[in-house]
Amino acid sequence: MLSVNNAETIILNLVQPLDNQRDVEIVDLLAVDNRILASCVTSQLDFPHWDNSAMDGYAVRYEDVRDASEEKPSVLEIIEEIPAGCQPECTIKVGQAARIFTGAVMPNGADTVVMQERTQREDNRVSILAAPKPHEFLRYKASYYQAGSQLLPAGIKINAPEIAVLAAAQCNQLSVYRKLRVAILSTGNELVTPDKPLQPGQIVDSNQYALASLVKQMGAEPLMLGIVADEPETLNQAIAHAISTADIILSSGGVSVGDYDYVEQILESLGGKIHIRAVAMKPGKPLTVATFLQKLYFGLPGNPASALVTFWRFVQPAIKKLSGIADGWKPEFLKAISRNELRSDGKRETYIWGKLLLVDGVYEFHPAGGNQSSGNLINLAQTNGLAVIKEGQKLISVGEEIEVLFI
Ligand code: AMP
Ligand code: MG
């Protein structure tokens, strides 16, 4: 059976990222959160825009105060007060200083700021009680960023730090990749929506909601196409519709070996190319991956834990690569110490869900209590990591190091 790593390679090789000319749109700064930059950004502004003070204090000539001390203060005449937002008018000459505040523009002639705490003021005179370092507390124009150079590269996700940079650089309109459309459908005669009273034997469709939440978190647009019965003609129509409207299609259920598992044969009959039929992992063995030209189809297993684990392990990297993110598509594994014994049959790579905690600088993994069955979604709640037991390994002892997929 195909290994997890080989499946990941096959899937990532199938993904052609969005085109940085065709697949872009211009959005306002206010709407740019969580989007991916399609072109690099430059600014015509220097940062800082002007030489300015990093402290409340006095703008001085270093020469005048280099020998100042508490015993022998340098006494300077204050010739101007410069609040933030004003343009200074005077030039500081020998024996002079300007009262200055944080962020205010440095006056000509001054080259150093002495912080207020190291001074004593009397009327229009200030005593400097300690020698500063040359250029101390002065932020020079363009020392953080020079106008015209690259401010942000293409292919990064925009979150609060980038928004701060873009706002400061007055970039009010940005070119970003269009949002990916991800169709989600749940297959199964037994499924009902959460608002319907349960009839005997029925199961609530939880996958649709969980997958939509994950897709949304990734900045893509979920298209919730609902529940589809295990009936070839109905499934055929629903899948054909999903393929025609989305960039990626996620179905859950119907990819195992049961009599009602029709998804794979329908994908083939619709002209899809099947690349993966099963993966040596637990949970998640019955995973189908197909393409319809550029479009990726993931037939995820129906069991709730299997659907989520296969999403985190395979769908998430694929969505990242497709979205235009320049790198870092692969899942992030952290090294952690297992706080419990973990077991596997050793035949397939096994994913155990639980909690990652940082304790005294070391990550600890605590598996979720109760049943780690792929059908049990209850103990998935409040987990944030999947510990990986490699193929061939049957036991992880307490205190042993393991890799954990951070989710
Ligand atoms: P299947 O892969 O279709 O054989 O489904 C495996 C198990 O997962 C069955 O017990 C299904 O009832 C359950 N299941 C399938 N789809 C869903 C879903 N959308 N939400 C919750 N459970 C599901
Ligand atoms: Mg089913």
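Amide H contacts of ASN189 (H built 1.01 Å from N, in plane; Pro and chain starts excluded): ASP230 sit under 5 Å, all sequence-distant by 5 or more or on other chains. For segment 397-407, putting each phi into the Karplus relation 6.51 cos²θ - 1.76 cosθ + 1.60 with θ = phi - 60° gives couplings of 7, 4, x, 7, 7, 9, 8, 10, 7, 7, 10 Hz, in residue order, rounded to whole numbers and with x for Gly and Pro.
Among residues other than GLU8 whose Cβ falls under 10 Å from its Cβ, what is the net charge (Lys/Arg +1, Asp/Glu -1)?
Numbers: positive: ARG313, LYS330; negative: none.
In short, +2.
Could you work out the pair-distance distribution P(r) of the chain from its alpha-carbon pairs, with 10 angstrom bin width and percents rounded to whole numbers? It works out to 5, 18, 20, 17, 12, 10, 10, 7, 2, 0, in whole percents. For TYR177, the shell of other residues with beta-carbons less than 13 Å away shows a net charge of +3, using +1 for Lys and Arg and -1 for Asp and Glu. Here, segment 273-407 is characterised by an Rg to Rh ratio of 0.99, where Rg is the alpha-carbon radius of gyration and Rh the Kirkwood radius. Across segment 52-139, the relative contact order, built from alpha-carbon pairs under 8 Å that are at least six residues apart, equals 43 percent. Couplings 3J(HN,Hα) of segment 301-306, computed from phi: x, x, 4, x, 5, 5 Hz, in residue order, whole Hz [Karplus 6.51 cos²θ - 1.76 cosθ + 1.60, θ = phi - 60°; x for Gly and Pro]. In this structure, the amide hydrogen of THR119, modeled 1.01 Å from its nitrogen in the peptide plane, lies closer than 5 angstrom to those of LEU129, counting only residues at least 5 positions away or on a different chain.
Report the antiparallel proportion of the DSSP beta bridges in the chain as a percent, rounded to a multiple of 5. Could you put the intermediate results ahead of the total?
Working: 58 of 87 bridges.
Antiparallel: roughly 65 percent of the beta bridges in the chain.
Taking other C-beta atoms within 10 Å as the exposure proxy, GLU403, GLU341 rank GLU341, GLU403 from fewest upward.
Remark on ALA368: its backbone amide H falls under 5 Å from those of TRP353, GLY354, LYS355, a criterion applied only to residues 5 or more positions apart or on other chains, H modelled at 1.01 Å from N. A Gaussian network model of the chain, with springs between Cα atoms under 10 Å, assigns the largest mean-square fluctuation among SER186, SER206, SER323 to SER206. Note that segment 255-271 has calculated 3J(HN,Hα) couplings of 10, 8, 9, x, 5, 9, 8, 9, 4, 4, 5, 6, 4, 5, 5, 7, x Hz, one per residue in order, obtained from phi through the Karplus relation 6.51 cos²θ - 1.76 cosθ + 1.60 (θ = phi - 60°); glycine and proline are x.
Classify segment 333-406 as rounded, prolate or oblate from the Cα gyration tensor: take a ≥ b ≥ c as the square roots of its eigenvalues, call it rounded if a/c is under 1.5, otherwise prolate when a/b beats b/c and oblate if not.
Working: a/c = 1.79, a/b = 1.11, b/c = 1.60.
Oblate, because a/c is 1.5 or more while a/b does not exceed b/c.
Dipole orientation for the chain: of the candidates LEU235, LEU174, PRO17, LEU235 has the Cα lying most toward the positive pole (charges on Cβ; Lys, Arg +1; Asp, Glu -1). Across segment 235-319, the fraction of Cα-Cα pairs farther apart than 21 Å, rounded to a whole number, is 21%.
What you get for segment 52-139, charging only the Cβ of Lys and Arg (+1) and of Asp and Glu (-1), is a dipole of about 180 debye around the Cα centre. Relative contact order for segment 223-344: what is it in percent, counting Cα pairs under 8 Å that are at least 6 residues apart? Over segment 223-344, the number comes to 19 percent. Taking a ≥ b ≥ c as the square roots of the Cα gyration tensor eigenvalues, segment 52-139 comes out prolate, since a/c reaches at least 1.5 and a/b is larger than b/c. Measuring nothing but how far apart in sequence close Cα pairs (under 8 Å, 6+ apart) lie, relative to its length, the chain scores a relative contact order of 16 percent.
Read-outs: derived from the displayed coordinates by stated rules, not from any lab. As the structure is a computational prediction, the values presented were derived from the model and not from experiment. When we count neighbours, we look across all protein chains shown, and the Cβ atoms used for this are built from the backbone with ideal geometry, even at glycine.
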